[in-house]
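S.K.: Submitted below is the structure of interest, expressed as C-alpha cells.
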Amino acid sequence: MTSDGAAYERRSAAPVIAPVRPRKLAKVPFVELAEGRLQGVVSSGSDIERVYVSSITAGDHGLSCNTNNNRPCGGLGGTYPCNHIRALAEAAVAQYGLSRVTRYLRVELAEGEENLWAGLHPTTAPNRAAEVFASFLRHLAYLELPPTTDPLPELQWFPAAEVVR
Amino acid sequence: MLTDLLRDTPAGVDAAWALVDGFDDALVHGLGRIDEERAAVLESLAAAFTGSPLAGRVADSIGKIIAGTVTDEHLIVLAGARSALLGAVHDALLSAVDGAAGRTREAWPAGTAAPEPGLLLAGTRSWLRELAIAGWHGVDHELAAGGAQAVQALLADPAARRLAVLLDGFAAELRAAAPVATLDRVPVRRWADLWTRALLLAQDGLPRPEPTPVSGRLLLLGADLHEHPTVFRAQAHGLLETPGGDVRLVRVSVAGAKVDTISGPSAWRMLAAFPVFRSALAEHRIVELSGMPLTPGGDLIWDESLAVPGESADPFTTARVRLGAAIAPPVPPLDRHPVMLAEPILLEGYTAGEEAFELGGVRLTVDLARLPSAGPITPALVAASTACLGLLRRDGDHWSVQPLAVQATVRKKPVVAHTADWSLGPTDAKAAKAEAAAGTAVDVLRERAGRLLRK
C-alpha cells in the first residue's frame, strides 16, 4: 500500500477503512464487525414491527439470535444457525467482502472455498440482543442528526470513498 | 514557477518531519513504557525547542513522561510541540506555493477571538490519554470501543460537531483495525495526526474567530468531497467578487451525517437541505450572496436564505480569467498542518499520464485516491485530459494535484467532467441506475428509524 514512494506509515491521508460495498438493506438493515462480534439486525419476514438481533462471536463462533423484544429466536437450534444468522452472514460478506469477515471472525477457509459456513464451527453464545440493538439505534440516529455548515477543517484527512480503478 | 516548487523542498522541512516521525513512532508502542532508544528520540524533540517559548514546558513534560508519569497536562504539551513543528512545515510549504503561483495572501488578523463555549471534553481527553499510554499496538476491541461514549456526548451538542466528526472517524478506524497488534501495517503518521488534532480540539476555551458578513458574486471553481463512515461533506472552492472590486478565494462547506452503507453518488442525498448549493454546483451557476458570514480563514458559513443562484459560468473560464489575481485567505493558526494545504490551481499545457502530469520536464503526481466515487471523474479521464482544475496537495514527501474538473478528449470528442456534476443525481445512465438502487438504502434506513427509534 504505497503511493509514489511515500510509505503508508508516513502518509497523513493513508486509507485505513476499505469502503463498504453497496448491498440491499431491506432484509438486513444493519451489519457491523464490532466488540469482537459479527452482529446485526434482520427484519422479520412476517411482522414489520419486529426485527431479529443476531450475532456470531469472533474466535469461538458463538451464535445468538433474539427479537428486539428479547424473545429467543425459534429457529436457532443451539449450534445450528437460523435463517436470520445465515442472512446476517451473507449480508456481512456482501458488505465487507469474504476476506475481511473471515479475518475478523478468525475463520480458516480452504483455498478457493467461498462459503463462510464451511469454516464456521458454531457454539452457543450468551444473549447480546440489548447491546446490539442499542448499537443499531445509535446507527439509525445518525440519519436524524442535522446537517452542518461548520467548515470542519479536519475532514481534509478523510477524502471521499475513492472511485474504483 | 510551479516547476521550481516541484523540484525543491524548503529548507528544514525534512528535519522537522524527522523529529515528528520520532514522536509518532513512540505512539506506536505507547508512552506508558518508553525504552532508552525512544527516550533519546523524545529528548531530541525537546532539544529542538531550546530557545523557543515552549522550551521549558516541552522539556519538563517529556522528562516526566520518560519517567513514567503520563498526565493530560504533559500530553497536551506534546501535542502542542508536534503541532508547532508541523505548523512550521505548513508555513514553509505554503509560502513556496504562494511564491510559485504568484499568489497574494492576507495576514491573520491580530486581536483576540472569543473562546469556544465550554464543551463536554473530559471524556474525550481521558480516552485519548488511554490511547497514548497503550500505544497503537495496545489497541484492542475494548480500547477501540472506548471512544464511543465520548462521541455520543459530543454529537448531542451542535457546538461540538467539529470534534465529534473527527473523533468519530478516528474511532471507526481504530475499531476496524483492532486488535492493532495483528495488523500488517500501522498508519503511524495518520493516527498521530488525528490523535493530536483531537487532543487540541478537546481543550477548553479554543479561540473561535468571529465571521463577518459579506456580499457579492460567488463563482464556484469546483468541489472537494470528504467522507468517513458517518459523514459526507462537499467543500466548494470559489472566487468571491466583492462590491469593492476585490476577488477573494473562499470555501463553502456543507456536511451531512450518514452511515457506512450510504456511500458513492447516493451520499449526495444526505445534503438534501442545500438545494441552492447543490444546483449551483451541478449547473455551474453564479451565486449572489447578501450578508453571508465569512470567517477570517476564508470559509463562508453557508446559509441558503442568503444565496440566490444566477446565470451560469464555466469554472475553467473563471479560473483562467480570475484565479491568478485572487487574494488568498490566511490559515487559522491552529489549522496549520501540511494536510490542510489544498490550493486551487489551473493546469494546462501538460502531458497527461496514468498517474502523473509532465510539466516542463517535471512530474506532478495525480492524487488518484482523492477521485471520489460520488463524481464522474475517472483515472482514465484524467489520463486523457488537456486541462485540469484542481487542488495542489502535499502528503508525505511530494506534491500532488487532486483533480476537481478536467477537460479531456475522448474518441476525438471534447469531454468535461467536474466532481460535483452528480450533486443533483448522476447524469450518466449507468451511474443513475446504481444510485437509484443504492439510494433505496437511505429510504429503508429511514423507514426503520421511523418505526424503531422512538420506542
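The values are calculated or read from the model by the stated rules, or taken from the named source; none is laboratory data. Small disclaimer: the values here were computed from a predicted structure and weren't measured. Cβ placement follows ideal geometry from the backbone for every residue including glycine, while neighbour counts extend to all protein chains displayed.
S.K.: If I filter segment B:200-213 for residues that are in contact with a Gly (Cβ under 6 Å, 6 or more places away or on another chain), at pLDDT 95 or above and at negative phi, do I get at least one hit?
M.R.: yes
S.K.: Is it the case that residue B:72 is under 21 Å from residue B:197 (Cα atoms) and surrounded by fewer than 19 Cβ atoms within 10 Å (Cβ to Cβ)? Walk me through how you get there before you give the answer.
M.R.: Working: under 21 Å from residue B:197 (Cα atoms): yes; surrounded by fewer than 19 Cβ atoms within 10 Å (Cβ to Cβ): yes.
Yes: the conditions hold for residue B:72.
S.K.: Any residue at all in segment B:115-122 that's outside the structural domain of residue B:246 (by TED's automatic domain parsing), under 30 Å from residue A:137 (Cβ atoms) and assigned to a helix (DSSP H, G or I)? Spell out the reasoning first.
M.R.: Let us first name the residues in segment B:115-122 that are outside the structural domain of residue B:246 (by TED's automatic domain parsing), namely B:115-122.
From what's left, under 30 Å from residue A:137 (Cβ atoms): B:116-122.
The next check asks that each one be assigned to a helix (DSSP H, G or I); those that pass are B:122.
Yes, segment B:115-122 contains a residue that is outside the structural domain of residue B:246 (by TED's automatic domain parsing), under 30 Å from residue A:137 (Cβ atoms) and assigned to a helix (DSSP H, G or I).
S.K.: Select from segment B:416-449 the residues that are more than 10 Å from every other protein chain (Cβ to nearest Cβ) and charged (D, E, K, R) and write down the one among them that is farthest from residue B:390 (Cα to Cα).
M.R.: B:433
S.K.: Keeping to segment B:168-188, report how many residues are more than 7 Å from chain A (Cβ to nearest Cβ) and assigned to a loop (DSSP other than H, G, I, E, B).
M.R.: So the first thing to find is which residues in segment B:168-188 are more than 7 Å from chain A (Cβ to nearest Cβ), and the list is B:168, B:170-171, B:174, B:178-184.
This time we only want the ones that are assigned to a loop (DSSP other than H, G, I, E, B), so: B:178-179, B:183-184.
Residues that pass the stated criteria total 4.
S.K.: Residue under question is residue B:267, and the condition is that it be of a type in the set (A, V, I, L, M, F, W, C) and over 16 Å from the mean Cα position of the chain (by Cα); does it hold?
M.R.: On the way: of a type in the set (A, V, I, L, M, F, W, C): yes; over 16 Å from the mean Cα position of the chain (by Cα): yes.
Taking the combined requirement at face value, the residue satisfies it.
Residues are listed down the side, and each one gets a yes or a no for (1) within 29 Å of residue B:342 (Cβ to Cβ); (2) touching a residue at least 12 places away in the same chain (Cβ under 8 Å); (3) touching a helix residue (DSSP H, G or I) at 6+ places or on another chain (Cβ under 6 Å); (4) not assigned by TED's automatic domain parsing to the domain that holds residue B:9:
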position	(1), (2), (3), (4)
B:371	yes, yes, no, yes
B:383	yes, yes, no, yes
B:387	yes, yes, no, yes
B:411	no, no, no, yes
B:426	yes, yes, yes, yes
B:434	yes, yes, no, yes
B:437	no, no, no, yes
B:443	no, no, no, yes
B:449	no, no, yes, yes
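S.K.: Continuing with the same structure: Tell me yes or no: at least one residue of segment A:54-61 is closer than 26 Å to residue B:441 by Cα and within 14 Å of chain B (Cβ to nearest Cβ). So that I can check it myself, show each step before the final result.
M.R.: Taking segment A:54-61 and keeping what is closer than 26 Å to residue B:441 by Cα, we get A:54-56.
Pick out the ones that are also within 14 Å of chain B (Cβ to nearest Cβ) and you get A:55.
Yes: segment A:54-61 contains one or more residues that are closer than 26 Å to residue B:441 by Cα and within 14 Å of chain B (Cβ to nearest Cβ).
S.K.: For residue B:453, indicate whether it is facing chain A (nearest Cβ under 8 Å) and under 30 Å from residue A:134 (Cα atoms).
M.R.: Working: facing chain A (nearest Cβ under 8 Å): yes; under 30 Å from residue A:134 (Cα atoms): yes.
Against the criterion (facing chain A (nearest Cβ under 8 Å) and under 30 Å from residue A:134 (Cα atoms)), residue B:453 qualifies.
S.K.: If you go through segment A:113-158, how many residues are more than 7 Å from chain B (Cβ to nearest Cβ), assigned to a helix (DSSP H, G or I) and in contact (Cβ under 8 Å) with a residue 40 or more places away in the chain?
M.R.: 7
S.K.: Follow-up question, since we're still on this one. Could we say that residue A:162 is at pLDDT below 90, under 15 Å from residue B:224 (Cα atoms) and within 7 Å of another protein chain (Cβ to nearest Cβ) here? So that I can check it myself, show each step before the final result.
M.R.: Working: at pLDDT below 90: yes; under 15 Å from residue B:224 (Cα atoms): yes; within 7 Å of another protein chain (Cβ to nearest Cβ): yes.
Criteria met by residue A:162.
S.K.: Still on this structure, I have one more. Could you tell me whether segment A:88-96 includes any residue that is crowded, with 18+ Cβ neighbours inside 10 Å and assigned to a loop (DSSP other than H, G, I, E, B)? Even if it seems obvious, please write down each step before you answer.
M.R.: Filtering segment A:88-96 down to residues crowded, with 18+ Cβ neighbours inside 10 Å leaves A:88-89, A:91-93, A:95-96.
Subsequent filtering for residues that are assigned to a loop (DSSP other than H, G, I, E, B) retains none.
So far as segment A:88-96 goes, no, none of its residues is crowded, with 18+ Cβ neighbours inside 10 Å and assigned to a loop (DSSP other than H, G, I, E, B).
S.K.: Give segment B:217-229 a look and list any residue that's touching a strand residue (DSSP E or B) at 6+ places or on another chain (Cβ under 8 Å) and buried (at least 22 other Cβ atoms within 10 Å of the Cβ), or say none.
M.R.: Looking only at segment B:217-229, we keep the residues that are touching a strand residue (DSSP E or B) at 6+ places or on another chain (Cβ under 8 Å), and these are B:217-227.
Once the filter is applied, which keeps residues that are touching a strand residue (DSSP E or B) at 6+ places or on another chain (Cβ under 8 Å) and buried (at least 22 other Cβ atoms within 10 Å of the Cβ), segment B:217-229 yields B:218, B:219, B:220, B:221, B:222, B:223, B:224, B:225, B:226, B:227.
S.K.: Just wondering, is there one or more residues in segment B:160-173 that are in the same structural domain as residue B:254 (by TED's automatic domain parsing), out of contact with any helix residue (DSSP H, G or I) (no Cβ under 7 Å at 6 or more places or on another chain) and surrounded by 23 or more Cβ atoms within 10 Å (Cβ to Cβ)? Quick ask: steps written out before the conclusion?
M.R.: Taking segment B:160-173 as the starting set, the residues that turn out to be in the same structural domain as residue B:254 (by TED's automatic domain parsing) are none.
No: zero hits.
S.K.: Would you mind finding the one in A:17, A:48 that is farther than 17 Å from residue B:177 by Cα and either within 12 Å of chain B (Cβ to nearest Cβ) or surrounded by 22 or more Cβ atoms within 10 Å (Cβ to Cβ) (or both)?
M.R.: Numbers: A:17 fails: farther than 17 Å from residue B:177 by Cα.
Answer to the check: A:48.
S.K.: Scan the strands (runs of 3 or more DSSP E) fully inside segment B:364-455 and keep the ones with 3 or more residues being surrounded by 23 or more Cβ atoms within 10 Å (Cβ to Cβ) and not hydroxyl-bearing (Ser, Thr, Tyr).
M.R.: Because the criterion is at least 3 residues that are surrounded by 23 or more Cβ atoms within 10 Å (Cβ to Cβ) and not hydroxyl-bearing (Ser, Thr, Tyr), the strands (runs of 3 or more DSSP E) in segment B:364-455 that meet it are B:385-395, B:398-410.
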